[in-house]
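Heads up, the thing below is written out as structure tokens.
The values are calculated or read from the model by the stated rules, or taken from the named source; none is laboratory data. Quantities reported herein were computed from a predicted structural model and do not represent experimental measurements. Using ideal geometry, Cβ is built from the backbone for each residue, glycine included, and neighbour counts are taken over all protein chains shown. Please note that ligands, DNA and RNA were not included when accessible areas were found on the heavy atoms of the full protein model with its side chains. Shrake-Rupley method; radii C 1.70, N 1.55, O 1.52, S 1.80 Å.
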Amino acid sequence: MHNGKARAFTNIALIKYWGKKDPQLILPMNNSLSLTLDAFYTETSVSFSKEYTADSFYLDGQLQDEKSTEKVRRFLDLVREQSQIFEYAIVQSQNFVPTAAGLASSASGLAALAGACNDALGLNLSDKELSRLARKGSGSACRSIYGGFVEWEKGDSDQNSYAFPVPSNHWEDELAMIFILINDKAKDISSRNGMQRTVGTSTYYTDWVKNVDVDIKKAREAIIEHDFQALGEVTESNCLKMHATTLAASPPFTYWTPDSLRAMNKVHDMRQAGQDCYFTMDAGPNVKVLCQKKDSQKIYNELQKEFPVEQLVMAYAGKGMETLETEVAK
């Protein structure tokens, strides 16, 4: 029997990944840049054994259906091929996120699974190799291998598409992100389908890809110079450009809800009143507010005037993926 366990934290893209040029290998159309956060994480254990007759996937203690298990099985096939250990596995994954947060956990989940498989099968992968492996499970998972600021190099092959840490001299420790949890219902259009439709039909998509390189450069410079305003401005601008591509798709769609707009307007009003804060959104209705740690409590209190405390979560910079001790079977 081969056992492994790992923990990985979620990351939020400040400069977005939006669109694949190779859906099989999950090679993105553009580079992206994220911040790993401490508030949400996944712990995953994996056990390979000759005694198992099929792969099983448990999430938060519940055996998952065939559709959910299929994504995990495809990933397990990759590591079986790499290790040449062709045994079935039991995967047990636990998401540590607020109840009904409606937050995607594929980044932390697949990064943790990559770490657990590496540990169980003795693959001895470097962080770069782990990032490449995690990418093949879920694109953004490649960034959750690292803590702090992380850039995903798009590459043009399996070998050269991976994430790496962006040096910041620990500036991320001075930042915070407040999640405004808008909605816990299933999305009408998944991220994957939304990307496909946008890449295939949006009249704005070509301009999006052209502009991302400029945004990445601005974000890198802001991080090097510890310039919060510059980082906040490019984060918010990049988010709005990404969401504009969905409105120009055919048929058009949006992840925004009336409450998403209310949250964005609240951030704008706070900034007009002199508070340093900026928003970002992924392929879903939740709004994340980027701010400096020194201002975070004041901004949190101000957001409470608009949203109940159950909908607000404070997050700070998180760590990279880490291996955990496995319980030895008696």
Q) Could you give the nm distance between label points at residue 272 and residue 298, where each point is 7 Å from its Cα heading toward the beta carbon? A) 1.9 nm
Q) With contacts defined as alpha carbon pairs under 8 Å and 6 or more residues apart, what's the relative contact order of the chain in percent? A) 25 percent
Q: Run the 1.4 Å probe and let me know the accessible area of residue 66, rounded to the nearest 10 Å².
A: 110 Å²
Q: Could you pull the accessible area for residue 158 with a 1.4 Å probe, rounded to 10 Å²?
A: 30 Å²
Q) Given the options 231, 63, 175, which has the most mean-square fluctuation in a GNM of the chain, springs set between C-alpha atoms less than 10 angstrom apart? A) 63
Q: Counting only heavy atoms of the protein chains, get the accessible area per residue of the chain (1.4 Å probe) and round it to a whole Å² value.
A: 45 Å²
**Q.** Positive minus negative residues near residue 22 (Lys, Arg vs Asp, Glu; Cβ under 12 Å)
**A.** +3
Q. Does the stretch 200-330 come out rounded, prolate or oblate by the C-alpha gyration tensor, with a ≥ b ≥ c the root eigenvalues, rounded set by a/c under 1.5 and, if not, prolate when a/b is larger than b/c and oblate if not?
A. rounded
Q: Quick one, could you list the DSSP H helices from the chain stretching 20 Å or more along their long axis (Cα atoms) with average Kyte-Doolittle hydropathy of 0.0 or above?
A: 106-121, 228-247
Q: Could you give me the percent of Cα pairs per 10 Å distance bin for the stretch 131-219, shortest bin first, beginning at zero and ending with the bin that holds the maximum distance?
A: 13, 31, 43, 13, 0
Q: Quote to one decimal, in nm, the extra length available between residue 253 and residue 62 on full extension: 0.36 nm per residue of separation minus the C-alpha distance between them.
A: 65.5 nm
Q.
Given a 1.4 Å probe and heavy atoms of the protein chains only, how would you sort 243, 268, 2, largest accessible area at the top?
A. 268, 2, 243
(Q) Using the basic label-point model (7 angstrom from Cα toward the beta carbon), what is the residue 224 to residue 53 distance in nanometres? (A) 6.0 nm
(Q) If I measure Cβ to Cβ between cysteines in the chain, which ones have no partner under 4.7 Å? (A) 117, 142, 239
